[in-house]
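Chemist: Here you go, one structure.
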Amino acid sequence: MNNCQSCGFQRKDSEKKCPQCGSFYLTIAELIAEEVAYEEKNSFLGQCKRILFSNNIKDELLVKLGQFNADLTKKGMFTIFLMIAFIFALLLSVL
Ligand SMILES: [Zn+2]
(Lines give C-alpha, C1' and ligand atoms only; values in the text may rest on other atoms or scores of the structure.)
Protein backbone atom coordinates (compact mmCIF):
# COMPACT_ATOMS: atom_id res chain seq x y z
CA MET A 1 0.00 0.00 0.00
CA ASN A 2 1.25 3.49 -0.86
CA ASN A 3 1.00 6.75 0.97
CA CYS A 4 -0.14 10.13 -0.28
CA GLN A 5 2.80 12.04 -1.72
CA SER A 6 1.59 15.32 -0.27
CA CYS A 7 0.50 14.47 3.27
CA GLY A 8 1.51 10.84 3.80
CA PHE A 9 -2.04 9.68 4.37
CA GLN A 10 -2.35 5.95 3.75
CA ARG A 11 -4.01 5.52 0.40
CA LYS A 12 -6.15 2.72 -0.94
CA ASP A 13 -5.42 1.38 -4.39
CA SER A 14 -8.94 2.07 -5.56
CA GLU A 15 -8.76 5.75 -4.61
CA LYS A 16 -7.60 8.30 -7.13
CA LYS A 17 -7.70 11.23 -4.77
CA CYS A 18 -6.49 11.72 -1.19
CA PRO A 19 -9.39 12.04 1.28
CA GLN A 20 -7.08 13.88 3.66
CA CYS A 21 -5.60 16.68 1.56
CA GLY A 22 -7.50 16.34 -1.70
CA SER A 23 -4.49 15.97 -3.98
CA PHE A 24 -4.61 13.47 -6.81
CA TYR A 25 -2.49 10.37 -6.45
CA LEU A 26 -1.70 9.69 -10.05
CA THR A 27 1.33 11.48 -11.39
CA ILE A 28 2.33 11.26 -15.03
CA ALA A 29 4.94 8.65 -14.10
CA GLU A 30 2.27 6.57 -12.38
CA LEU A 31 -0.05 6.93 -15.34
CA ILE A 32 2.69 5.68 -17.65
CA ALA A 33 3.49 2.82 -15.29
CA GLU A 34 -0.17 1.91 -15.22
CA GLU A 35 -0.28 1.99 -19.00
CA VAL A 36 2.82 -0.19 -19.28
CA ALA A 37 1.41 -2.65 -16.78
CA TYR A 38 -1.82 -2.79 -18.73
CA GLU A 39 0.02 -3.34 -22.02
CA GLU A 40 2.16 -6.05 -20.49
CA LYS A 41 -0.84 -7.75 -19.00
CA ASN A 42 -2.41 -8.03 -22.42
CA SER A 43 0.68 -8.87 -24.43
CA PHE A 44 1.62 -12.43 -25.27
CA LEU A 45 4.78 -12.22 -23.18
CA GLY A 46 2.86 -10.83 -20.25
CA GLN A 47 0.38 -13.66 -20.46
CA CYS A 48 3.22 -16.20 -20.59
CA LYS A 49 4.77 -14.58 -17.52
CA ARG A 50 1.47 -14.72 -15.70
CA ILE A 51 1.18 -18.42 -16.45
CA LEU A 52 4.75 -19.06 -15.31
CA PHE A 53 4.34 -17.18 -12.04
CA SER A 54 0.88 -18.41 -11.21
CA ASN A 55 0.42 -20.87 -8.38
CA ASN A 56 -1.28 -23.42 -10.52
CA ILE A 57 0.47 -23.50 -13.88
CA LYS A 58 -1.50 -26.44 -15.21
CA ASP A 59 -4.90 -24.87 -14.51
CA GLU A 60 -3.79 -21.52 -15.89
CA LEU A 61 -2.52 -23.17 -19.06
CA LEU A 62 -5.77 -25.05 -19.53
CA VAL A 63 -7.76 -21.83 -19.16
CA LYS A 64 -5.51 -20.09 -21.67
CA LEU A 65 -5.78 -22.96 -24.11
CA GLY A 66 -9.55 -22.84 -23.78
CA GLN A 67 -9.52 -19.13 -24.53
CA PHE A 68 -7.20 -19.70 -27.46
CA ASN A 69 -9.51 -22.29 -28.92
CA ALA A 70 -12.48 -19.98 -28.47
CA ASP A 71 -10.57 -17.21 -30.23
CA LEU A 72 -9.80 -19.36 -33.22
CA THR A 73 -12.17 -18.33 -35.94
CA LYS A 74 -12.48 -20.04 -39.28
CA LYS A 75 -10.26 -17.33 -40.71
CA GLY A 76 -7.60 -18.07 -38.09
CA MET A 77 -7.76 -21.77 -38.83
CA PHE A 78 -7.38 -21.03 -42.54
CA THR A 79 -4.33 -18.84 -41.88
CA ILE A 80 -2.71 -21.60 -39.83
CA PHE A 81 -3.53 -24.10 -42.55
CA LEU A 82 -1.93 -21.82 -45.15
CA MET A 83 1.20 -21.45 -43.00
CA ILE A 84 1.53 -25.21 -42.58
CA ALA A 85 0.96 -25.75 -46.29
CA PHE A 86 3.58 -23.10 -47.08
CA ILE A 87 6.16 -24.67 -44.76
CA PHE A 88 5.37 -28.09 -46.20
CA ALA A 89 5.83 -26.81 -49.76
CA LEU A 90 9.10 -25.17 -48.77
CA LEU A 91 10.34 -28.42 -47.25
CA LEU A 92 9.35 -30.35 -50.38
CA SER A 93 11.20 -27.95 -52.67
CA VAL A 94 14.34 -28.24 -50.55
CA LEU A 95 14.35 -32.03 -50.35
ZN1 LIG B 1 -2.87 13.63 1.02
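The values are calculated or read from the model by the stated rules, or taken from the named source; none is laboratory data. Note that the structure is predicted; figures quoted are calculated from it, not measured. A quick note on method: Cβ atoms are made from the backbone with ideal geometry, for glycine too, and the neighbour counts reach across all protein chains shown.
Chemist: Looking at 55, 42, 69, which one is more than 30 Å from residue 3 (Cβ to Cβ), out of contact with any His (no Cβ under 8 Å at 6 or more places or on another chain) and exposed (fewer than 10 other Cβ atoms within 10 Å of the Cβ)?
Modeler: Numbers: 55 fails: more than 30 Å from residue 3 (Cβ to Cβ); 42 fails: more than 30 Å from residue 3 (Cβ to Cβ).
None of the other options fit; the residue is 69.
Chemist: Now, a different point. Looking for whichever is surrounded by 10 or more Cβ atoms within 10 Å (Cβ to Cβ), within 19 Å of the chain's Cα centre (by Cα) and of a type in the set (A, V, I, L, M) here; the options are 87, 32. Which one fits?
Modeler: Result of the check over 87, 32: 32.
Chemist: Please name all residue pairs, on different chains or six or more residues apart, with Cβ atoms under 9 Å, provided the first residue is in region 65-81 and is without any contact (Cβ under 8 Å) to a residue 24 or more places away in the chain and the second residue is assigned to a helix (DSSP H, G or I).
Modeler: Filtered contacts from region 65-81: 72/80.
Chemist: Restricting the search to region 7-42, which residues are in a loop (DSSP other than H, G, I, E, B) and at pLDDT 85 or above? Talk me through it step by step, then tell me what you get.
Modeler: Pass one, region 7-42, residues in a loop (DSSP other than H, G, I, E, B): 7-9, 11-16, 18-23, 25-27.
Result: 7, 8, 9, 18, 19, 20, 21, 22.
Chemist: Can you report the number of residues in region 1-53 which are within 9 Å of the ligand (Cβ to nearest atom) and touching a residue at least 12 places away in the same chain (Cβ under 8 Å)?
Modeler: The total comes to 11.
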